[in-house]
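Values in this text are rule-based calculations from the coordinates and carry no lab data. The structure presented is a predicted model; accordingly, all values stated were derived computationally and were not measured. So basically every Cβ, Gly included, is an ideal-geometry build from the backbone, and we count neighbours across all protein chains shown.
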Amino acid sequence: MATIRQVSKHANVSVATVSRVVNGNKWVSDSTREKVLQAMKELGYKPNSFAKALATNRSDTLGMVVSDLAGPFFGEMMRAAEDTVRKQGKHLIITSGHESFDSEMDAIEFLMQRRVDALLLHVESIPDNDLIKMCDEYSIPIILINRRVPELADNCISLDNDMGGYLATQHLLDQGHTAIACIAGPLFKADARARLAGYRRAIEQAGLRYDERLVIESDYQEEGGTQSIERLNRRKADFTAVFAHNDHMAIGAMKALKADGKRVPDDVSVVGYDDMVMARYTVPGLTTVNIPVAEFGRQAADLALLKLGDREGSVTQKYQPELVVRQSTTRPKR
């Protein structure tokens, strides 16, 4: 294997110049840089990444924490973030926070021990105050995904989930529904609270009473949607439509309604949230709220690279949800 001295001799430059090229130092002319890079290619020289990290205090890796490594939601986000990072010649290390404070903190510590240059965090259990403190104390950019902390607004990629909940509910109201059940996500999560707030806002703006009997807190899982319909039945709740806070729960709700002999949308209309790939293949096709999941990952990576000085340009940091109307909603029969 070639050495840095052999590269310097082959390119007819000093060892220091080769080192500057390897470490990305801007004080090297384009012609000299090209000459050194060509010598490295001809000799098959591979820089020692650990030594480079020590010299530049940069590892050329970014770290990412997501709630769950499984499923299409985070899959799209992770792939888009990695594609963006790899295009800059860097790598992305991904780990899961498992939706608990201790696990999320452990995941962050794991990445910090690997000297990542920036953190992309989709965390839900770490309080805002802890995130603010982390951003103040850590010497690397920290980007928050699908979450907005006002004090860290410049570091956030977020969606207006209040508006998403409002759009979903307003669509059902526009169809003529007045008894609309809501299957909420875990309310310790900011996105679930915002979607519920949007639901309530639409209900009350329509002059209807917000009825807690029609609201079930669930878990964002398909089985949670099924169990929520069972709980609504036990409450003897009367409803002609259901707004579920994600597509998984909406699909579970549709299964439970079918098991009860109710047809979607003839007897009960159903709206989901996320617009996952499977939403267009359910029978009937699921009306839902679109979240630009891949863009979350892409823009979070771009924002981190921008803050590291590795790219130029602008980044979209706040997204507006869009309603996608399919066949799971219609006007009520009664």
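So what is the orientation-averaged projected area of the chain, using the convex hull of its C-alpha atoms, in nm²? Working shown, then result.
On the way: hull surface 79.5 nm².
Averaged projected hull area, Cα only: 19.9 nm².
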Within the set of other residues whose C-beta is less than 12 Å from the C-beta of residue 3, count the net charge using Lys and Arg as +1 and Asp and Glu as -1. +3
Step through the residues of the stretch 307-320 one at a time and calculate ³J(HN,Hα) from phi using the Karplus curve (6.51 cos²θ - 1.76 cosθ + 1.60, θ = phi - 60°), rounding each to whole Hz and writing x for Gly and Pro. 6, 7, x, 9, 8, 10, x, 10, 10, 7, 10, 10, 10, 9
Taking only the alpha-carbon positions of the stretch 100-169 and ignoring solvent, what does the Debye formula give for the base-10 log of I(q)/I(0) at q = 0.14, 0.18, 0.28 Å⁻¹? -0.46, -0.71, -1.41
Based on the alpha-carbon gyration tensor of the stretch 161-291 and its eigenvalue square roots a ≥ b ≥ c, which shape applies: rounded if a/c is under 1.5, prolate if not and a/b is larger than b/c, or oblate? rounded
At a 10 angstrom cut-off on C-beta neighbours, averaged per residue, how do the peptides 102-115, 213-226 rank from highest to lowest? 213-226, 102-115
Lysines whose Cα lies under 22 Å from that of residue 87, excluding same-chain neighbours fewer than 8 positions away: 26, 41, 46, 52, 307
GNM on the chain, Cα springs under 10 Å; top mean-square fluctuation among 290, 233, 146 goes to 233
Considering Cα pairs under 8 angstrom that are at least six residues apart, work out the relative contact order of the stretch 161-291 and quote it in whole percent. 25
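Is it possible to state the helix-based mean residue ellipticity at 222 nm for the chain, with each DSSP H run of 4+ residues giving -39500 (n - 2.57), the sum divided by total residues, to the nearest 500 deg cm²/dmol? What is it?
-14000 deg cm²/dmol
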